[in-house]
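The values are calculated or read from the model by the stated rules, or taken from the named source; none is laboratory data. Treat the numbers as computed from the prediction; the structure is a model and nothing was measured. We place every Cβ from the backbone using ideal geometry, glycine too, and count neighbours over all the protein chains shown. For accessibility, only protein heavy atoms count, side chains too; no ligands or nucleic acids. Shrake-Rupley method; radii C 1.70, N 1.55, O 1.52, S 1.80 Å.
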Amino acid sequence: MPDWLSIDQFQQLAEQHRVIGTFGAILLPFIEAFLPFLPLAAFVVANATAYGLWLGFLFSWGGAVLGSYCVFLLIRKFGHNQYFRFVTDRTGVKKLIQWVEIQGFMPLFILLCFPFTPSAIVNVVAGLSNLKKKSYLITIMCAKFIMILVISWIGADLQSLITKPWKSVVVVLIIVLMWVGGKYVEKRNNRKMEEHLRSLQKDDHEKL
């Protein structure tokens, strides 16, 4: 991570320039939705360290929700343009769109709760689907609330990870459970989607 994105630099900015720091605290998670290679977890930890658990959490959560929903709205409006066919015509993307349309709120909510889920892809696929705007906004708000609150709790007092070994153990367990849980949900949903597609193909064949 570049020096200008380090937690120390962010804390100094927040202390010296309160207004600019607050703007940056919301802007960085917002930008991450458009540039997913940026480290969202680092931004959340920096906000929690600089502003405390709850205020830092609110800045991170607000920026992340706004960014994700803006991506969703942009894809909803322009995603079916011919310039995006190299993405929308892919078989994997079409399957994901069908999965989102069939499964609805709960699987999306569960997937987006895990920090290891590629949320940028989920935003794009949801934008290409017929999922209602209000439904996706509620999904993002709820899922990001849980994910960012957990990361904020970890980052609010990093020193305690050294002074309180039990917290380090809890943090490691949470990270492992999130990773394993995300992979399990992803595989389970992929399997269900494959079964549903086979069922549709079988029905179409029988009609013929």
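Residue-by-condition table, conditions (1) closer than 17 Å to Leu128 by Cα; (2) open to solvent by less than 20 Å² (accessible area, probe 1.4 Å); (3) modelled with pLDDT of 75 or more; (4) touching a helix residue (DSSP H, G or I) at 6+ places or on another chain (Cβ under 8 Å):
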site: Ala14; (1), (2), (3), (4): no, yes, no, yes
site: Phe23; (1), (2), (3), (4): no, no, yes, no
site: Val44; (1), (2), (3), (4): no, yes, yes, yes
site: Ala50; (1), (2), (3), (4): no, no, yes, yes
site: Gly56; (1), (2), (3), (4): no, yes, yes, yes
site: Phe72; (1), (2), (3), (4): yes, yes, yes, yes
site: Lys94; (1), (2), (3), (4): yes, no, no, yes
*Members of segment 149-173 found to be touching a Ser or Thr at 6+ places or on another chain (Cβ under 6 Å) and modelled with pLDDT under 70, listed by number*: Leu161, Lys167
_Give me the residue from segment 27-39 that is out of contact with any Ser or Thr (no Cβ under 8 Å at 6 or more places or on another chain) and of a type in the set (A, V, I, L, M) and, out of that set, modelled with the lowest pLDDT._
Leu38
*Residues of segment 108-148 being more than 18 Å from Gln98 (Cβ to Cβ), at pLDDT 85 or above and surrounded by fewer than 18 Cβ atoms within 10 Å (Cβ to Cβ), which ones?*
Lys133, Lys134, Leu137, Ile138, Met141, Cys142, Phe145, Ile146
